[in-house]
Amino acid sequence: MKSFTLGPAAAAAGARRPMGGRPVRLAAAAVAATASLVLAACGSSGGGSGSSPSPSTSASSGALTVADVAPFSGPDAALGPTYLASCYGATSVINAHGGVDGHSLNCKSVDTRGDPADAVPAVNQLYASTPNLALVIGCTSDEAASVVPIINAHKTAMFCMTGQSEFDHVHFPYFYRLVPPDLEEAYALVAIAQKLGYKRIALAFGNDIGSQAFVGPAIAALKKAGITMTTNQTLDESANTFRTEAEAIVSSHPQAVMTEALGTADPTLLSEIKQLNGGKMIPVIGTSALISPAFFKAAAAAVGAPTLAANFHADNLVTETSGPAYNAFKSALLSQQGKVPGVTGNFTTYLSAPGGVHLYDGINLAALAMLMSKSTTPSVYAPDIIKIGDGVPGATVCPSFVACAALLKQGKAIRYEGPGGPTSFDAYHDSTGLFQIDTYSASGAVNVVGNITTAQLRALSG
Amino acid sequence: MSLAVSAFGFGLVTAAVLAIASVGFTLQFGVTDVLNLAFGAVMIFGAFVAYLVNVQGISVWIGMLAAMAAGAVLSVLLNAGVYAPFQRRRASPITMVIVSLGLTLIIEFGVQALAGGVAVSYNVNQGRTFDAGGLLLNAVELVIMALAVVVMLATHALLRYTRLGKAMRATAANRALARNCGIRASRVITITWAVTGAMAGMAGTVLAIDLGSFDATSTDLFLIMILAAVFLGGPGQPYGAMLGAVIIGISTEVSAAFIPADYKYVIAFLVLLIMLGVRPSGLLGERT
């Protein structure tokens with residue numbers, strides 16, 4: 001075909017436009033500059049930025065703010081709303097019972113876009129615009145490394161959902177964590193593979209910080225378990241398709257795929273694996289991050305809900321599924337159904353979302369510590385978080401904010417045991433839980449099908 | 001080796017989707033003189049329009065027609081409401097780029113606010129997978145490739161054999177002269193926005209079909225690939241864009257067969273840099 005040249009193309013060669021326009025080289029330079037800007041602005045997110053106050057509780061002069069510092073856009077956009085749902089649930093109960101020393105609690109979302117570079121200005125803006133900030137929750141592995149030092153420097157107590165091992169032995173006085181380090185979760189993934197009798201495993205993890213943290217420990221644990229790693233694919237979560245990666249996985253003939261790649265990456269990969277494997281899904285072992293309504297909705301749409309339900313296992317932190325603590329949590333959370341901005345999908349799935357459960361506990365622990373210390377100043381109340389979580393000799397165990405607050409009023413020592421189970425903080429304020437094995441039903445409900453013992457994890461470590 | 005052959009086939013599919021978008025982009029750029037970085041956002045807008053149709057139980061291919069109409073309308077509105085006024089005020093090219101970048105964010109965030117941050121999928125049967133000497137392609141991928149060929153041929157016919165195409169070329173070459181020759185340049189430009197907007201809607205839908213799962217940000221990286229294909233072929237060169245799309249699409253996928261897959265875009269853009277180093281005007285661009 002004859003090549004047609006449209007206007008600016010002529011200028012692209014350096015010529016000026018006939019109408020006296022500027023060289024298209026300038027446009028090309030602009031493309032180069034703005035292309036990187038597009039990537040920076042949209043590549044990891046594209047979602048909304050900044051923060052927005054929760055509409056559920058109107059701010060009053062005495063209101064305190066709980067900030068959910070987490071991704072609300074980008075590949076990990078499902079995390080922020082999950083935590084926000086718990087924040088709404090916990091604070092609704094606290095507010096309904098008088099708040100903390102007369103202060104009501106608001107929830108505020110702060111979108112980090114899942115990017116440490118975006119998280120820093122977002123947190124700085126949070127401090128500039130929120131003089132009544134009482135607690136920070138969220139701070140996932142995506143942004144924890146960049147925001148924890150800032151939050152700590154502002155002496156704000158925080159409950160973070162990061163498994164990053166750098167927090168195992170670094171002391172941040174205002175940092176609290178109710179989830180285990182990523183390497184333990186990597187061992188849990190391998191323990192699931194062992195339990196299911198798999199001998200050949202393919203790895204497919206996203207290229208974000210949080211997902212890549214699993215790869216090294218998982219490879220070491222697979223070796224220790226005598227399981228062959230057939231291939232290790234790193235998925236660019238901003239990419240559009242993963243066909244070649246999927247074909248590499250299929251052609252390596254694994255019995256299962258171990259994965260965490262958030263956003264559209266995992267649903268796309270699983271869909272392509274299924275297509276390239278003759279319409280047959282290869283079983284998947286996912287991390288706890290894949291237990292979320294957003295993931296189920298996207299993955300079920302991509303491969304079919306029954307197919308996903310039949311081929312999916314994930315590790316998850318042990319959380320209670322019955323009893324007074326769970327019932328209080330369930331009641332609090334479900335009371336907020338339809339009221340939490342940005343939350344879509346099957347709301348009941350949040351009842352078993354580990355992040356949501358543990359941050360609900362974190363908010364309750366902080367609120368009770370405020371009551372106990374009769375102060376909303378983190379430097380004053382923060383030490384009481386550990387006293388309430390771990391308990392002191394003779395402390396009365398209580399399962400909810402309401403029950404614990406009543407005991408505090410009576411002057412009794414308490415130990416809060418919420419739906420996330422008992423806590424045991426170490427010197428670095430880490431309280432690691434136990435793992436269970438979850439599956440999905442075709443409707444998206446989460447089922448617990450087994451547990452992973454500490455001994456099993458220990459056998460795979462080191 | 002079989003993985004490389006498979007990857008070549010996957011590259012052809014990527015190239016097909018990329019070609020539809022790149023030709024639309026370069027045609028728009030060439031005629032309107034606007035480097036519209038919101039093209040990717042119009043694509044995803046179209047993809048979601050098709051999704052809205054598809055969730056009503058209607059075929060996604062019908063949805064694609066709705067996406068094309070929506071893309072055309074949105075593009076015409078963008079030009080009439082934003083780009084044309086800026087052009088009338090003789091805004092500099094970099095200003096127009098920044099304006100288009102702002103529009104990108106507005107459209108994307110708007111779509112995300114309406115659709116939520118959750119990934120969605122079309123209800124579309126991918127059909128059986130065909131294995132031809134290691135090339136693994138399913139029925140939908142073959143349809144997408146056929147669609148790309150049709151779009152390329154239609155573009156060629158439009159530019160070469162129709163009065164509108166000739167008017168577009170004339171307007172692109174010299175708008176003032178075209179006007180003096182009796183061509184209603186502003187009308188041609190409006191039609192160009194509509195045609196290329198429809199191509200954006202189509203490209204967005206086939207991209208979303210191809211992805212299997214998409215959200216409001218799914219065209220972010222794809223826009224960069226479009227730019228790469230356009231500048232590799234030579235900006236304003238429809239056939240250059242086709243060639244650029246094939247090179248970028250195939251090099252992206254085939255490189256993933258040999259190196260860690262998260263470097264595949266690095267390889268593709270290295271190819272672009274090297275080619276532009278050798279030939280700054282692009283493969284089919286005119287030499288000075």
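So for the range A:73-81 (the condition being surrounded by 24 or more Cβ atoms within 10 Å (Cβ to Cβ), of a type in the set (Asp, Glu) and at pLDDT below 95), does at least one residue qualify?
Step one: filter the range A:73-81 for residues surrounded by 24 or more Cβ atoms within 10 Å (Cβ to Cβ), giving A:73-81.
Keeping just the survivors that are of a type in the set (Asp, Glu) gives A:76.
Within this subset, residues satisfying the condition of being at pLDDT below 95 are A:76.
For the range A:73-81, residues surrounded by 24 or more Cβ atoms within 10 Å (Cβ to Cβ), of a type in the set (Asp, Glu) and at pLDDT below 95: present.
Yes or no, residue by residue, for (1) at pLDDT below 95; (2) over 30 Å from A:ILE192 (Cα atoms):
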{"residue": "A:ILE363", "(1), (2)": "no, yes"}
{"residue": "A:PRO383", "(1), (2)": "yes, yes"}
{"residue": "A:PRO393", "(1), (2)": "yes, yes"}
{"residue": "A:GLY418", "(1), (2)": "yes, no"}
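Output yes when any residue across the range A:218-233 is without any contact (Cβ under 8 Å) to a residue 40 or more places away in the chain, assigned to a loop (DSSP other than H, G, I, E, B), of a type in the set (Gly, Ala, Ser) and surrounded by fewer than 24 Cβ atoms within 10 Å (Cβ to Cβ), and no when none is.
The answer is yes; a qualifying residue exists.
Can you tell me which residues in the range A:408-432 are of a type outside the set (S, T, N, Q), free of Cβ contacts under 8 Å to residues at least 40 places away in the same chain and surrounded by fewer than 18 Cβ atoms within 10 Å (Cβ to Cβ)?
Within the range A:408-432, A:LYS409, A:GLY411, A:LYS412, A:ALA413, A:PRO422, A:ASP426 qualify.
Tell me which of these B:THR14 doesn't satisfy, since it passes every other one: (1) surrounded by fewer than 18 Cβ atoms within 10 Å (Cβ to Cβ); (2) over 17 Å from B:THR196 (Cβ atoms).
Here B:THR14 clears every test but (1).
If I filter the range A:296-322 down to residues being within 14 Å of chain B (Cβ to nearest Cβ) and touching a residue at least 40 places away in the same chain (Cβ under 8 Å), which single residue comes out as farthest from the chain's Cα centre (by Cα)?
If we take residues in the range A:296-322 being within 14 Å of chain B (Cβ to nearest Cβ) and touching a residue at least 40 places away in the same chain (Cβ under 8 Å), then A:ALA305 is farthest from the chain's Cα centre (by Cα).
I'd like to verify a number: residues in the range B:133-144 that are free of Cβ contacts under 8 Å to residues at least 60 places away in the same chain, surrounded by fewer than 18 Cβ atoms within 10 Å (Cβ to Cβ) and part of a strand (DSSP E or B), how many?
Residues in the range B:133-144 being free of Cβ contacts under 8 Å to residues at least 60 places away in the same chain, surrounded by fewer than 18 Cβ atoms within 10 Å (Cβ to Cβ) and part of a strand (DSSP E or B): 0 in total.
Say we look at the range B:243-261 and pick out the residues that are buried (at least 19 other Cβ atoms within 10 Å of the Cβ) and within 9 Å of chain A (Cβ to nearest Cβ); which of these is nearest to A:ASN207 (Cα to Cα)?
Top of the filtered list is B:ALA261.
Which condition does B:GLN87 not pass, out of (1) surrounded by 18 or more Cβ atoms within 10 Å (Cβ to Cβ); (2) within 12 Å of another protein chain (Cβ to nearest Cβ); (3) part of a helix (DSSP H, G or I), if it passes all the others?
Condition (1) is where B:GLN87 drops out.
Being facing chain B (nearest Cβ under 9 Å) and touching a helix residue (DSSP H, G or I) at 6+ places or on another chain (Cβ under 8 Å) is the filter; apply it to the range A:251-268 and report the residue that is nearest to A:ARG113 (Cα to Cα).
Looking at the filtered set, the residue picked out is A:THR264.
In the range B:270-282, which residues are in contact (Cβ under 8 Å) with a residue 24 or more places away in the chain, out of contact with any Ser or Thr (no Cβ under 8 Å at 6 or more places or on another chain) and at the interface with chain A (Cβ under 10 Å from one of its Cβ atoms)?
Within the range B:270-282, the first condition is being in contact (Cβ under 8 Å) with a residue 24 or more places away in the chain, and the residues that meet it are B:271-272, B:275-276, B:281-282.
Now restrict to residues that are out of contact with any Ser or Thr (no Cβ under 8 Å at 6 or more places or on another chain): B:272, B:275-276, B:282.
The answer is B:LEU276, B:GLY282.
Considering each of B:GLY240, B:GLY249, B:GLY244, B:GLY236 in turn, give the residue that is assigned to a loop (DSSP other than H, G, I, E, B), within 19 Å of B:ALA148 (Cα to Cα), out of contact with any Lys or Arg (no Cβ under 9 Å at 6 or more places or on another chain) and not basic (Lys, Arg).
Of B:GLY240, B:GLY249, B:GLY244, B:GLY236, the one residue that is assigned to a loop (DSSP other than H, G, I, E, B), within 19 Å of B:ALA148 (Cα to Cα), out of contact with any Lys or Arg (no Cβ under 9 Å at 6 or more places or on another chain) and not basic (Lys, Arg) is B:GLY236.
Of A:ALA413, A:ALA325, A:ALA405, A:ALA382, which residue is within 24 Å of A:PRO181 (Cβ to Cβ) and of a type outside the set (D, E, K, R)?
Of the residues listed, the single one that is within 24 Å of A:PRO181 (Cβ to Cβ) and of a type outside the set (D, E, K, R) is A:ALA382.
Which one is nearest to the other protein chains (Cβ to nearest Cβ) among residues in the range A:278-295 that are over 14 Å from the mean Cα position of the chain (by Cα) and at pLDDT 90 or above?
Of everything passing the filter in the range A:278-295, A:LYS280 is nearest to the other protein chains (Cβ to nearest Cβ).
State whether one or more residues within the range B:93-112 are within 12 Å of chain A (Cβ to nearest Cβ), of a type in the set (D, E, K, R) and closer than 30 Å to B:HIS156 by Cβ.
No, the range B:93-112 contains no residue that is within 12 Å of chain A (Cβ to nearest Cβ), of a type in the set (D, E, K, R) and closer than 30 Å to B:HIS156 by Cβ.
Can you tell which of A:ASN95, A:ASN124, A:ASN106 is out of contact with any helix residue (DSSP H, G or I) (no Cβ under 9 Å at 6 or more places or on another chain) and among the polar types (S, T, N, Q)?
A:ASN95
Filtering the range B:90-123 down to residues that are outside any helix (DSSP H, G or I) and under 22 Å from the mean Cα position of the chain (by Cα), which residue is surrounded by the fewest Cβ atoms within 10 Å (Cβ to Cβ)?
Kept after step one, since they are outside any helix (DSSP H, G or I), are these residues of the range B:90-123: B:90-92, B:116-123.
Filter once more, so that each one left must be under 22 Å from the mean Cα position of the chain (by Cα): B:119-122.
Numbers: B:ALA119: 31, B:VAL120: 22, B:SER121: 24, B:TYR122: 25.
Looking at residues that are outside any helix (DSSP H, G or I) and under 22 Å from the mean Cα position of the chain (by Cα), I get B:VAL120.
Between a first residue in the range B:28-53 that is among the hydroxyl-bearing types (Ser, Thr, Tyr) and a second residue that is not in a helix (DSSP H, G or I), which pairs have beta carbons less than 8 Å apart while being 6 or more apart in sequence or on different chains?
Close Cβ pairs satisfying both conditions: B:TYR51/B:VAL120; B:TYR51/B:TYR122.
Would you mind telling me which numbered condition in (1) assigned to a loop (DSSP other than H, G, I, E, B); (2) in the same structural domain as A:LEU189 (by TED's automatic domain parsing); (3) over 23 Å from the mean Cα position of the chain (by Cα) A:GLY394 fails?
(2)
Can you tell me which residue within the range B:155-166, out of those that are surrounded by 13 or more Cβ atoms within 10 Å (Cβ to Cβ) and without any contact (Cβ under 8 Å) to a residue 40 or more places away in the chain, is farthest from A:SER271 (Cα to Cα)?
Only one residue fits best here, namely B:LYS166.
Examine the range B:168-177 for a residue that is over 14 Å from the mean Cα position of the chain (by Cα) and more than 11 Å from chain A (Cβ to nearest Cβ), and state whether such a residue exists.
No, the conditions are met nowhere in the range B:168-177.
With the requirement that a residue be of a type outside the set (A, V, I, L, M), more than 18 Å from B:ALA148 (Cα to Cα) and free of Cβ contacts under 8 Å to residues at least 12 places away in the same chain, what does the range B:60-90 give you? Show your work before the answer.
Step one: of the range B:60-90, the residues of a type outside the set (A, V, I, L, M) are B:61, B:63, B:71, B:75, B:79, B:81, B:83, B:85-90.
Retained after the next criterion (residues that are more than 18 Å from B:ALA148 (Cα to Cα)): B:75, B:79, B:81, B:83, B:85-90.
Of everything in the range B:60-90, those that are of a type outside the set (A, V, I, L, M), more than 18 Å from B:ALA148 (Cα to Cα) and free of Cβ contacts under 8 Å to residues at least 12 places away in the same chain turn out to be B:GLY81, B:PRO85, B:ARG88, B:ARG89, B:ARG90.
Within the range B:32-43, which residues are touching a Leu at 6+ places or on another chain (Cβ under 6 Å), part of a helix (DSSP H, G or I) and either facing another protein chain (nearest Cβ under 10 Å) or not aliphatic (A, V, I, L, M) (or both)?
Selection gives B:GLY40 alone.
Exactly one of (1) within 9 Å of chain A (Cβ to nearest Cβ); (2) of a type in the set (A, V, I, L, M); (3) surrounded by 24 or more Cβ atoms within 10 Å (Cβ to Cβ) is unmet by B:LEU221. Its number?
If we test B:LEU221 against (1) within 9 Å of chain A (Cβ to nearest Cβ); (2) of a type in the set (A, V, I, L, M); (3) surrounded by 24 or more Cβ atoms within 10 Å (Cβ to Cβ), just (3) comes out false.
Among the strands (runs of 3 or more DSSP E) lying completely within the range A:154-210, list those that include at least 3 residues that are within 23 Å of A:LEU368 (Cβ to Cβ).
Of the strands (runs of 3 or more DSSP E) lying wholly inside the range A:154-210, those with at least 3 residues that are within 23 Å of A:LEU368 (Cβ to Cβ) span A:158-160, A:175-177.
Report, by residue number, each residue of the range A:250-264 that is β-branched (Val, Ile, Thr) and over 26 Å from the mean Cα position of the chain (by Cα). Talk me through it step by step, then tell me what you get.
In the first step, residues of the range A:250-264 are kept if they are β-branched (Val, Ile, Thr); the result is A:250, A:257, A:259, A:264.
Once the filter is applied, which keeps residues that are β-branched (Val, Ile, Thr) and over 26 Å from the mean Cα position of the chain (by Cα), the range A:250-264 yields only A:VAL250.
Yes/no per residue for (1) in contact with a helix residue (DSSP H, G or I) (Cβ under 7 Å, 6 or more places away or on another chain); (2) closer than 25 Å to B:ALA229 by Cα:
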position	(1), (2)
B:PHE48	yes, yes
B:VAL55	no, no
B:ILE58	no, no
B:ILE62	yes, no
B:ALA66	yes, no
B:ALA72	yes, yes
B:SER75	yes, yes
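The values are calculated or read from the model by the stated rules, or taken from the named source; none is laboratory data. Computed from a predicted structure; not experimentally measured. Virtual Cβ from ideal backbone geometry, glycine too; neighbours counted across all protein chains shown.
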